[in-house]
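Comments concern the structure below.
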Amino acid sequence: MAMTVHFPFQNSYSALPDNFFARVAPTPVAAPRLIKLNRPLAVELGLDPDLLETPEGAEILAGKTVPAGADPIAMAYAGHQFGNFVPQLGDGRAILLGEVIDRGGLRRDIQLKGSGPTPFSRRGDGRAALGPVLREYIVSEAMYALGIPTTRSLAAVITGEHVLRETALPGAVLTRVASSHIRVGTFQFFAARRDTEAVRRLADHVIFRHYPDLLHAERPYHALLAGVVGRQAELIARWLLVGFIHGVMNTDNSSVSGETIDYGPCAFMDSYNPAQVFSSIDEMGRYAYANQPRIALWNLTRLAECLLPLFSDDQEKAVAEAQDILGAFGETFSTAYQTGLRKKIGLFRERNGDDALIQDLLDAMAKNQADFTLTFRKLGDAAGTADARAQFMDPTAFDEWAKRWHARTALEPQTATERQAAMNAVNPMFIPRNHRVEAVIQAAVNDDNYAPFEELVKVLAKPFDDQPDYAAYADPPLPDQRVLQTFCGT
Ligand code: AMP
Ligand code: MG
């Protein structure tokens with residue numbers, strides 16, 4: 001008896017009113033071929049990885065066959081792109097197949113990205129090129145392994161067709177898994193149309209899905225805003241603590257569940273530079289590394305504006321309440337960020353002067369182009385701190401700081417071994433360095449060679465392990481390997 005892939009779909013989003021989405025099936029492609037299946041994630045979702053690896057599985061993951069129980073839709077949303085409001089964006093190249101309840105009881109969206117045009121495509125072709133698909137696969141799974149809330153990647157498939165960008169490139173489809181794909185921009189879509197009932201329906205849906213504890217809160221919509229503010233503040237702190245730069249923090253790329261979403265020209269920085277920008281389209285540095293907290297708060301303020309009519313009929317009162325809730329962002333962010341930094345330098349308890357000690361290290365790192373990841377990782381080495389010192393152009397800048405750091409750590413009862421273990425658990429050895437990601441994409445696109453992709457994904461799955469066989473993956477780029485710009489690739 002032939003077995004077929006079974007997705008136990010539930011479709012709570014497509015049960016919402018018709019103006020929340022457009023029903024649209026993926027466009028079939030010529031010759032799908034599975035490049036990568038995330039087997040552990042398939043199992044987590046209650047799917048059979050062996051069946052997904054069959055030709056029938058590849059056809060589903062490429063959008064050539066729609067599995068039973070799916071109710072394919074493109075979601076409607078609006079958004080501020082680089083500060084400019086666009087009242088209608090929507091899924092222009094993504095189609096939500098449906099939701100499954102995973103083994104932990106969580107509802108997860110299964111979405112095909114690059115599966116053909118939708119009513120929201122505008123002038124786009126609805127397709128994705130192989131390079132950006134591999135980039136999203138690598139970086140989202142690396143973020144997951146780093147313990148940072150994120151959408152996941154279930155599969156990458158090449159379509160057997162070309163997509164036309166500046167040149168003809170191999171086309172691909174990414175299967176993305178998210179706790180939902182609801183964005184700040186989804187709220188803006190309805191708020192811009194003054195459709196308060198739709199805003200309320202959406203808010204209720206988000207509470208049901210992401211903030212079930214608030215179902216019976218006294219003021220559920222206030223609590224919802226506070227919840228999103230809290231999760232975004234924590235998320236951005238986590239980004240900064242690993243040197244992640246999202247690159248396009250538009251409100252349509254900002255998830256109300258608090259997951260990192262829409263990996264485009266994102267990048268991890270090598271040497272520490274708070275003003276670092278990689279994205280070719282971010283000419284003003286709006287989304288620079290150190291601007292990310294400020295931008296997140298700006299995006300949350302846009303969300304708050306959408307919710308005002310649900311707060312109170314008295315607009316002045318509603319605004320005051322929203323401001324009060326938004327006011328918590330700074331404190332939540334700073335606490336998460338400073339606590340994270342204290343852990344990164346191996347401090348177990350907080351003392352006066354710690355913030356200054358940390359800031360002085362960061363300043364010296366910036367001045368000396370120290371590698372962000374390796375400085376922290378090597379600082380924890382039992383073998384001494386010679387490798388951390390070597391990250392600094394002028395190593396004496398490190399020496400001065402290290403004296404103060406040794407004096408500070410001596411005040412704590414933990415042993416050096418305990419400190420090292422604690423530091424190694426928060427300071428990764430391996431991040432998806434841009435030059436590695438680029439090399440992997442080149443091998444795949446130019447030579448149909450996926451061995452480098454497989455190896456990189458494998459190394460990044462255990463970012464906190466030493467993995468001596470793969471030590472070279474920890475190295476920063478040589479001067480001629482440095483990637484200066486990243487691209488959306490849409
Ligand atoms: P992004 O920059 O990926 O966040 O996308 C911004 C908007 O452009 C979203 O509405 C996307 O659906 C749409 N978009 C991006 N690339 C394409 C494409 N190739 N075809 C159609 N729509 C696209
Ligand atoms: Mg987007």
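The values are calculated or read from the model by the stated rules, or taken from the named source; none is laboratory data. As the structure is a prediction and not an experimental result, all values here were calculated from the model. Cβ placement follows ideal geometry from the backbone for every residue including glycine, while neighbour counts extend to all protein chains displayed. Heavy atoms of the whole protein, side chains included, go into the accessibility calculation; ligands, DNA and RNA do not. Shrake-Rupley method; radii C 1.70, N 1.55, O 1.52, S 1.80 Å.
Just a few scattered comments:
- The residue among VAL173, ALA320, SER140 whose Cα reaches farthest toward the positive pole of the charge dipole of the chain, with charges on the beta-carbon of Lys, Arg, Asp and Glu, is ALA320.
- Computed as a quarter of the hull surface, the mean projected area of the alpha carbon convex hull for segment 1-96 stands at 8.2 nm².
- Separation of alpha-carbon centers, segment 419-490 and segment 184-230, rounded to whole Å: 38
- When the alpha-carbon atoms of segment 185-338 are used, the pair Rg, Dmax equals 16.0, 50 angstrom.
- Overall form of segment 388-446 per C-alpha gyration tensor (a/c, 1.5; a/b vs b/c): oblate
- Spin-label model distance (nm) - TRP298 vs ASN84, 7 Å beyond Cα toward Cβ: 1.4
- Share of carbon and sulfur in the accessible heavy-atom surface of segment 296-415 [1.4 Å probe, %]: 50
- A cut-off under 12 angstrom between Cβ atoms defines the neighbours of SER14, and their net charge, with Lys, Arg +1 and Asp, Glu -1, is -3.
- Count Lys and Arg as plus one, Asp and Glu as minus one, and take only other residues whose Cβ is under 15 Å from that of THR385; the net charge is then +3.
- By average C-beta atoms within 10 angstrom, highest first, the peptides 456-463, 25-32, 149-156: 149-156, 456-463, 25-32
- For segment 332-476, alpha-carbon Rg and Dmax in angstrom: 17.1, 56
- Divided by 2.2 N^0.38 Å, where N counts the residues, the Cα radius of gyration of the chain comes to 0.99.
- The simple spin-label model puts a point 7 Å past each Cα toward its Cβ; for ALA275 and ALA443 those points are separated by 3.6 nm.
- Mean separation of Cα contacts under 8 Å (6+ apart) over length of the chain, as relative contact order %: 14
- Converting phi to 3J(HN,Hα) with the Karplus coefficients 6.51, -1.76 and 1.60 and the offset θ = phi - 60°, segment 209-217 yields 8, 10, 9, x, 5, 8, 3, 10, 5 Hz in sequence order, with x at every glycine or proline.
- FRET efficiency, 1/(1 + (r/R0)^6) with R0 45 Å, evaluated for ARG122 and LYS317 via beta carbons: 0.70
- Backbone amide hydrogens, once placed in the peptide plane, bring GLN81 within less than 5 Å of VAL86, excluding anything fewer than 5 places away on its chain.
- Low-density loop positions, GluC sites (Glu not before Pro), segment 94-186 - DSSP coil, at most 11 other Cβ in 10 Å: GLU166
- Furthest towards positive pole of dipole, PRO463, ILE261, SER12, structure part the chain, Cβ charges: SER12
- Estimated FRET transfer efficiency (ALA290, ASP480; beta-carbon r; R0 35 Å; 0.05): 0.80
- Normalised per residue, the accessible area of segment 185-338 is 39 Å², obtained with a 1.4 Å probe and no contribution from ligands, DNA or RNA.
- Surface share of carbon and sulfur [accessible, 1.4 angstrom probe, percent] for segment 223-269: 48
- Within segment 185-338: Cβ-based charge dipole about Cα centre, in debye rounded to nearest 20 (Lys, Arg +1; Asp, Glu -1): 160
- Between segment 295-338 and segment 366-398, the alpha-carbon center distance in angstrom: 39
- Take each peptide in 233-245, 341-353, count the other Cβ atoms within 10 Å of every residue, and average; sorted highest first, the result is 233-245, 341-353.
- Of the residues LEU379, VAL242, LEU307, the one whose Cα sits farthest towards the positive end of the charge dipole of the chain is LEU307 (charges of +1 on Lys and Arg Cβ, -1 on Asp and Glu Cβ, taken about the Cα centre).
- Note that segment 13-181 shows a convex hull volume over its alpha carbon atoms of 124 Å³ per residue.
- Expressed as a whole percent, the accessible area of segment 17-176 that falls on carbon and sulfur atoms is 55 (1.4 Å probe).
- Put a dot 7 Å past the Cα of ASN352, heading toward its Cβ, do the same for ASP381, and the two dots end up 3.6 nm apart.
- Averaged per residue, segment 1-112 has 41 square angstrom of accessible surface, using a 1.4 angstrom probe with ligands and nucleic acids left out.
- Here the chain is assigned +1 on the Cβ of each Lys and Arg and -1 on the Cβ of each Asp and Glu. Its dipole about the Cα centre then comes out at about 240 debye.
- The antiparallel fraction among DSSP beta bridges confined to the chain stands at about 95%.
- Charge tally in the Cβ shell below 13 Å around GLU412, where Lys, Arg are +1 and Asp, Glu are -1, GLU412 excluded: +3
- Gain on full stretching of the segment that runs from GLU305 to ASP363 - 0.36 nm per residue minus C-alpha separation: 17.2 nm
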